1. So, in the stretch 105-151, of the ones that are assigned to a strand (DSSP E or B) and free of Cβ contacts under 8 Å to residues at least 60 places away in the same chain, which residue ends up farthest from Thr75 (Cα to Cα)?
2. Restricting to the stretch 235-292, name every residue that is of a type in the set (S, T, N, Q), open to solvent by 30 Å² or more (accessible area, probe 1.4 Å), farther than 16 Å from Lys182 by Cβ and in contact (Cβ under 8 Å) with a residue 60 or more places away in the chain.
3. Can you tell me which residue is farthest from Phe92 (Cα to Cα) among those in the stretch 202-211 that are open to solvent by less than 10 Å² (accessible area, probe 1.4 Å) and modelled with pLDDT of 95 or more?
4. For Ile298, indicate whether it is under 27 Å from Ala367 (Cβ atoms), among the aliphatic types (A, V, I, L, M) and free of Cβ contacts under 8 Å to residues at least 24 places away in the same chain.
5. For a quick check of your reading of the model, give me the residue pairs whose first member lies in the stretch 173-196 and is crowded, with 23+ Cβ neighbours inside 10 Å, whose second is hydroxyl-bearing (Ser, Thr, Tyr) and part of a strand (DSSP E or B), with beta-carbon atoms closer than 6 Å and at least 6 apart or on different chains.
6. Of the conditions (1) within 18 Å of Arg317 (Cα to Cα); (2) touching an Asp or Glu at 6+ places or on another chain (Cβ under 8 Å), Ser105 clears all except one; give me its number.
7. At least 2 residues that are surrounded by fewer than 21 Cβ atoms within 10 Å (Cβ to Cβ), out of contact with any strand residue (DSSP E or B) (no Cβ under 9 Å at 6 or more places or on another chain) and of a type outside the set (D, E, K, R) in each: list the helices (runs of 4 or more DSSP H) lying fully within the stretch 312-373 that qualify.
Amino acid sequence: MTNGLPRRAAAPRTAQGSTKVVRLKDRQQRTHDARIRNVDPMEVVMASRTTRRSFIATGAAAIAFSYHDRGWTQTWPSKPIKIVCAYPAGGFTDSLARIYGEYLSQKLGQPVIVENKAGASGSIGAAAVKQSPADGYTLLVAITATLAQSRVIFKNVPYDADKDFALISSMSAGHLPLVAYKATNATSLKEFVEYARKNATNVGTFGPGTYPHIVVAELNKQYGLQIKAVHYRGEAPMWQDFAAGVLQAAMGSYANAVNALESGAGKAIAVQSTRRNRKLPDVPTFIEQGLDAKLFAIAGYVFLAGPVGMPQEVVERLSGLMVEASKTDRILKWLDSYGIEEFAQGHIAFKQMYDSETPTLVAAVRALGLTAE
C-alpha cells in the first residue's frame with residue numbers, strides 16, 4: 001500500500017523488449033565475428049541493414065506492381081479502341097469490322113474506331129498492329145490469307161503470323177460463289193472451263209493469296225488452263241470491273257456479288273466449302289463438280305487479333321464479346337445477307353483451327369507456286 005493505494009505491479013517484459021535483446025545479442029555476435037576476420041564491425045552492421053531494407057523494398061515493389069497490373073486490366077478500356085481493318089472500305093471484311101466494332105463499343109463503353117490500312121493481302125495492316133503496344137487498344141481485322149498464304153506469296157512479310165499476334169476470335173467468310181460473266185454463256189463449272197480453253201480468260205480476286213487466287217491456280221493445274229488472276233484491293237472495285245465487262249469471272253462474298261447476280265451481269269457456277277450456300281441452293285460446290293483437292297473443303301475466315309503479349313483477361317473479354325455479338329438479332333440478320341450460318345469462334349477454338357488448317361493452306365500454296373503477281 002502507498003498512501004492508502006495499492007502498489008502498481010511491475011509491467012511484464014513485452015515481446016518487443018525481448019526482440020530488442022535478441023537483436024542486440026545478434027549485433028554483438030556479428031561485431032565479434034568481424035573482429036576475428038579483421039573487418040570493420042560497422043561495415044557488417046550496415047550491410048545487414050542494407051540487405052534487410054533491400055529485401056523489404058523489393059517485396060513491396062513486387063506487390064505494388066501486381067496490384068497495379070491487376071488494376072489496369074480491371075479498368076480497361078479507359079480510352080477509345082482502334083480496329084485496323086486490313087482491307088478497303090466497302091467490302092465484307094470492312095463491314096464485319098464495323099458491325100462487330102459497334103457491338104464492342106456498346107458493351108465496353110468506349111468508342112471503337114475502324115481504320116482501313118489495305119494492301120498486300122492484309123500484310124500492311126497486320127504489320128501496323130504488330131508494332132503497336134500490346135495493351136488492348138489496337139486490334140486487327142483481316143482474313144485467312146493474312147495469316148497463312150501471305151508468308152508464301154510475299155518475299156518479305158514484316159511479321160511472323162505464328163508468333164506476333166494474340167488470336168482473339170474468328171468469323172466464317174461464308175461460301176464464296178464463283179460468278180461467270182454473262183458474255184461467257186457459262187452456266188456450270190464445266191462450261192466455264194470449256195470457254196477458258198478457247199478464249200483468253202481472267203478472274204477477279206480480292207487480293208494475292210486469297211481463296212479466289214487459289215481457285216484460279218487449281219483450275220489451271222487440274223485442266224491445263226491459263227486463266228489469269230487479276231488482283232484487286234478488296235471486293236468493291238473488283239465487282240465494279242466485273243459489271244463493266246472487264247472480267248470474265250469474279251469470286252467473292254455473296255452479299256457483294258448479289259447485285260451482279262440480280263442484274264443478270266453474271267451467273268454463279270460454283271461455291272467453295274463442303275456444302276452449298278443457302279442463298280444459292282441450286283449452285284453446286286466445286287467438290288460436287290469433280291474438284292476434290294483439300295483446298296476446296298476449307299472455308300475461309302475473317303479474324304480479330306491483337307499484338308502478342310496482350311493481357312489474357314483482355315483477350316478473353318474480347319473473345320467472349322465477339323461470340324456474344326454473333327448471336328444478336330442485328331448481326332444474325334447481317335450474317336444472313338451473306339449466307340453465313342456459323343457463329344463467331346472464341347480464342348480457344350480459333351487457335352485450334354489455325355493450328356489445324358494453316359499447314360494445309362501453306363503447303364498447297366507452295367505446291368501451286370502462287371506469287372503476288
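1. Asn116
2. Answer for the stretch 235-292, where residues must be of a type in the set (S, T, N, Q), open to solvent by 30 Å² or more (accessible area, probe 1.4 Å), farther than 16 Å from Lys182 by Cβ and in contact (Cβ under 8 Å) with a residue 60 or more places away in the chain: Asn256, Gln289.
3. Val203
4. No, not satisfied.
5. Sorted first by the residue in the stretch 173-196, then by its partner, the pairs are Ala173/Tyr301.
6. Here Ser105 meets the rest and fails (2).
7. 329-337, 347-368
Quick grid of which residues meet (1) open to solvent by less than 40 Å² (accessible area, probe 1.4 Å); (2) within 13 Å of the chain's Cα centre (by Cα); (3) of a type outside the set (Phe, Trp, Tyr); (4) over 15 Å from Tyr159 (Cβ atoms):
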{"residue": "Ser95", "(1), (2), (3), (4)": "yes, no, yes, yes"}
{"residue": "Ser105", "(1), (2), (3), (4)": "yes, no, yes, yes"}
{"residue": "Val114", "(1), (2), (3), (4)": "yes, no, yes, yes"}
{"residue": "Gly125", "(1), (2), (3), (4)": "yes, yes, yes, no"}
{"residue": "Ser132", "(1), (2), (3), (4)": "yes, no, yes, no"}
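The values are calculated or read from the model by the stated rules, or taken from the named source; none is laboratory data. All figures in this text were calculated on a predicted structure; none of them were measured in a lab. Every residue, glycine among them, receives a Cβ derived from its backbone with ideal geometry; neighbour counts consider all protein chains shown. The protein model used for the area step is the full one, side chains on, heavy atoms only, and it has no ligands, DNA or RNA in it. Shrake-Rupley method; radii C 1.70, N 1.55, O 1.52, S 1.80 Å.
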